[in-house]
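Visitor: Provided herewith is a single structure, encoded as C-alpha cells, for subsequent inquiry.
The values are calculated or read from the model by the stated rules, or taken from the named source; none is laboratory data. Since this is a predicted model, take the numbers as computed values, not measurements. Neighbour counts are summed over all protein chains in view; Cβ atoms, including those assigned to glycine, are modelled from backbone coordinates with ideal geometry. Only protein heavy atoms, including side chains, enter the accessible area calculation; ligands, DNA and RNA are left aside. Shrake-Rupley method; radii C 1.70, N 1.55, O 1.52, S 1.80 Å.
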Amino acid sequence: MELNTRAVHVVNEPFPDGSRPLSVPLVQSSAFAFDSAAELADAMADPDGRYVYSRRGNPTVRALEQTLAGLEGGAGALAFASGMGALSGVLLALLRPGDRVVAQRCLYGGTHAVLSDLAERYGIEVVRISGDDPAELEAAAVHPATRLLVLETIANPTGQVPDLPGLLAAARAAGVTSLVDNSLASPVLCRPLELGADIVVHSTTKYLSGHSDVLGGAAVFADDELRRRVWPRTVELGACADPFAAWLTLRGIPTLPLRMREHCANAAVLAERLAARGESHGESRGDVTAVHYPLRAGHPSYERARKVLSGGGGLLSFELAGGREAGRAFIERVRVAKLALSLGGVETLVTHPASTSHRELDEAALGAAGIAPGLVRMSVGIEDVEDLWSDVEQALA
C-alpha cells in the first residue's frame, strides 16, 4: 500500500474474541499479571513477548512502534519518552569510551549538546563534517574507532540536505553504523532507511503527532537484530514512551500526509515572498538578507533536495540585516504566529536559534553551522497563507 493508506490504517491488533476496533485502544496499565514465574522470566527476556511492565513494553506503545516501522520501511522500532530520549538511548546503547562519532556540522541544538556531553564525560571523539561530500566521511572512517555517523534529513535550522545516498553508502562500505534524524522530513517526504540508513530517529512530538500535545520519540531500525541489541539498554535508561502519548501520536498519524502537504505549500509560498521582499526593500534592520528553504532554487542543497525529498518541508529560516537584535525583535512582534520552541504542529511558530535552541554554541560554532546572528526559524503551520504573510509583513515593518 502507498504511504497515505498506511498512515490511515495504523497497526491495530484484534481483540481475543476477534473484534477489530477502528481506534487503537489505550492500555494505561503499568504492569501485567502472570500465573507462572517461568512465564514471567521468559517474557522479561523478549522485547516482542508477553507484556510484563510498561517500561519494557505496552500494547499501545507497541502499536505505535509497529506503525512507525511500517511507515519508514523498517524491520522494527522502539518508542521513547521524547526525541532526545530516542537519540540518547541509541547513542548510549551503541557507543563506548574511546569511540569516534562523525556528525554533520549543522544539527539541532539538542543533538549538539548531547554529543558534546558524551565527548566531555566519556571520552567519545566527535568529528564534524559538512555533510556535502562523502570523501569527508571516508577520511574520518579510516580511524579504527569510528563507530557512528549522525545526520539530519533536513538540518535544523538552515534547511541543509546532506548527501544522504553518498554518505550512507560510504558509511556502509566502511562498516560505520548510520543514524539519520528524520523529524523534519517525516516519512512522507523522505525514508532514509530506503537510502541505506541503519537507524532513523524521530521526535514524534513534531510532525508525526502534529498537534503540540505530545512529547515523544522513536527509533526505527533497518535490522531487527540491531533493535533487539538496543532494547535492553533503553529499558535500563528508562526513557520509555508513555501509553497515552503513544495513543495521541497514533491519533495524529492518519492525517500526517494531509498536514505535510499544507505545511510544504505554505512554507514554499512564504519562502518566495520573503526572498522577493529582500530583493525589493532598501536597507533596514528588518531587511531580509537571505532565505533558507531546501526546495527553493538557489539554496545550496536544492539539487540534492530535489532527489531525496518529495517536498520542502514546513521549516524555513531567514536572516535579517539587523543581526541578533533584529531577530529577537521580529519573534516578539508576530501575532498570528507564536513564539515557542517546538515545531511541526498545525500552528506557525517562530524562534531565534542563536539565543534559544543553539544558545550553547559560540559565535564561531554558529558560523560554522551556517547560523547567522539574525537568523529566524519559522515552523510554518497550516493556517491560511495570506494571514501568515500579513503577519510576517507587519512584524518586519
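Visitor: Please list, by residue number, everything in segment 369-387 whose backbone N is under 16 Å from a paramagnetic label point 7 Å out along Cα→Cβ of ALA276.
Guide: Counting backbone N atoms under 16 Å from the label point, the list is 385-387.
Visitor: Continuing with the same structure: For segment 114-243, what is the charge dipole size about the Cα centre, in debye to the nearest 20, if Lys and Arg each add +1 at the Cβ and Asp and Glu each add -1 at the Cβ?
Guide: Values: 10 positive and 18 negative charges, 54 e Å.
Around 260 debye, computed over segment 114-243.
Visitor: Each residue of segment 183-195 in order: what ³J(HN,Hα) in whole Hz does its phi give by Karplus 6.51 cos²θ - 1.76 cosθ + 1.60, θ = phi - 60°, with x for Gly and Pro?
Guide: 4, 7, 8, 6, x, 5, 9, 7, 10, x, 4, 6, 9
Visitor: Apply 1/(1 + (r/R0)^6) to the Cβ-Cβ distance of THR289 and ALA119, taking R0 = 30 Å, and write down the FRET efficiency to the nearest 0.05.
Guide: 0.35
Visitor: Using +1 at the C-beta of Lys and Arg and -1 at the C-beta of Asp and Glu, which of VAL291, GLY312, LEU366 has the Cα lying farthest in the positive direction of the dipole of segment 265-379?
Guide: GLY312
Visitor: Here's another thing I want to ask about it. Whole angstrom only: what separates the Cα centroid of segment 93-126 from the Cα centroid of segment 35-56?
Guide: Distance between centres, Cα-based: 33 Å.
Visitor: Tell me, what ³J(HN,Hα) does each residue in segment 27-41 have, in order and in whole Hz, if you take phi through Karplus 6.51 cos²θ - 1.76 cosθ + 1.60 with θ = phi - 60° and put x for Gly and Pro?
Guide: 9, 8, 5, 7, 9, 9, 8, 10, 9, 10, 5, 5, 5, 4, 4
Visitor: Would you calculate a helix-derived [θ] at 222 nm for the chain, using -39,500 (n - 2.57) for each DSSP H run of n ≥ 4 and dividing by the full residue count, to the nearest 500? Kindly include the intermediate steps, with their values, before the conclusion.
Guide: Numbers: 15 runs with 161 residues, N = 397.
Taken over the chain, the calculation gives -12000 deg cm²/dmol.
Visitor: Right, next: How far, in nm, would the chain grow between ALA75 and ASP42 when pulled straight, counting 0.36 nm per residue and subtracting the alpha carbon separation? Don't jump to the answer; show the numbers that get you there.
Guide: Numbers: separation 33, 0.36 × 33 = 11.88 nm, distance 2.26 nm.
Here the answer is 9.6 nm.
Visitor: For the chain, give the percent of accessible area contributed by carbon and sulfur heavy atoms, probe 1.4 Å, rounded to a whole number.
Guide: On the way: 8620 of 16460 Å².
Roughly 52 percent of what the probe reaches on the chain is carbon or sulfur.
Visitor: With both partners inside segment 248-397, how many of the DSSP beta bridges are antiparallel, as a percent to the nearest 5?
Guide: Details: 12 of 14 bridges.
Around 85 percent antiparallel, to the nearest 5.
Visitor: What dipole magnitude, in Debye to the nearest 20, does segment 241-381 give about its Cα centre under +1 on Lys/Arg Cβ and -1 on Asp/Glu Cβ?
Guide: Details: 17 positive and 14 negative charges, 92 e Å.
Magnitude of the dipole: close to 440 debye.
Visitor: May I pose another question? By average Cβ neighbour count within 10 Å, what is the ranking of 10-17, 331-338 from highest down?
Guide: Details: 10-17: 11.9, 331-338: 17.0.
Highest mean packing first, the order is 331-338, 10-17.
Visitor: Label points 7 Å out from Cα along the Cβ direction at SER19 and ALA265: separation in nm?
Guide: Inter-label distance under the simple model: 3.9 nm.
Visitor: Rolling a 1.4 Å sphere over the protein heavy atoms, what is the accessible area per residue of segment 143-299, to the nearest Å²?
Guide: Numbers: 5450 Å² over 157 residues.
Result: 35 Å² per residue.
Visitor: Right, next: Which residue, LEU68, LEU137, LEU95, has the most motion in a Gaussian network model of the chain that connects Cα atoms within less than 10 Å?
Guide: LEU95
Visitor: Using DSSP to call loops (not H, G, I, E or B), can you name the trypsin sites (Lys or Arg not before Pro) in segment 6-67 whose Cβ has at most 15 other Cβ atoms within 10 angstrom? Could you put the intermediate results ahead of the total?
Guide: Numbers: sites: ARG6, ARG50, ARG55, ARG56, ARG62; in loops: ARG50, ARG55, ARG56.
Those satisfying the criteria are ARG50.
Visitor: Below 8 Å between Cα atoms, with a sequence gap of 6+, how large is the relative contact order for the chain in percent?
Guide: Numbers: 827 pairs, mean separation 67.7, N = 397.
Computed over the chain, the figure is 17 percent.
Visitor: A follow-up question, please. Taking springs between alpha-carbon atoms closer than 10 angstrom, which of PRO294, PRO144, PRO25 fluctuates most in the Gaussian network model of the chain?
Guide: Sorting by GNM fluctuation, first place goes to PRO144.
Visitor: Mind grabbing the accessible area of TRP389 for me, 1.4 Å probe, Å², rounded to tens?
Guide: Spelled out: TRP389, probe radius 1.4 Å, area about 30 Å².
Visitor: A further question follows. What is the percent of Cα-Cα separations in segment 276-358 that go past 18 Å? Don't jump to the answer; show the numbers that get you there.
Guide: Details: 1761 of 3403 pairs.
Percentage above 18 Å: 52.
Visitor: In addition: Only one of the values (1) 52; (2) 46; (3) 42 was calculated from this structure for percent of Cα pairs over 28 Å apart; name its label.
Guide: The value computed from this structure is option (2).
Visitor: Let me ask something else about it. Given an 8 Å cut-off on Cα distances and at least 6 residues of separation, report the relative contact order of segment 201-322 as a percent. Intermediate results must be reported in sequence, preceding the final value.
Guide: Values: 138 pairs, mean separation 26.9, N = 122.
After rounding, I find 22 percent.
Visitor: Using the Karplus curve 6.51 cos²θ - 1.76 cosθ + 1.60 with θ = phi - 60°, work out ³J(HN,Hα) for each residue of segment 256-266 in order, rounded to whole Hz, and write x for Gly and Pro.
Guide: 4, x, 5, 5, 4, 4, 5, 4, 5, 5, 5
Visitor: Return the percentage of antiparallel bridges among DSSP beta bridges fully within the chain, rounded to the nearest 5 %.
Guide: On the way: 24 of 43 bridges.
Rounded to the nearest five, the antiparallel share is 55 percent.
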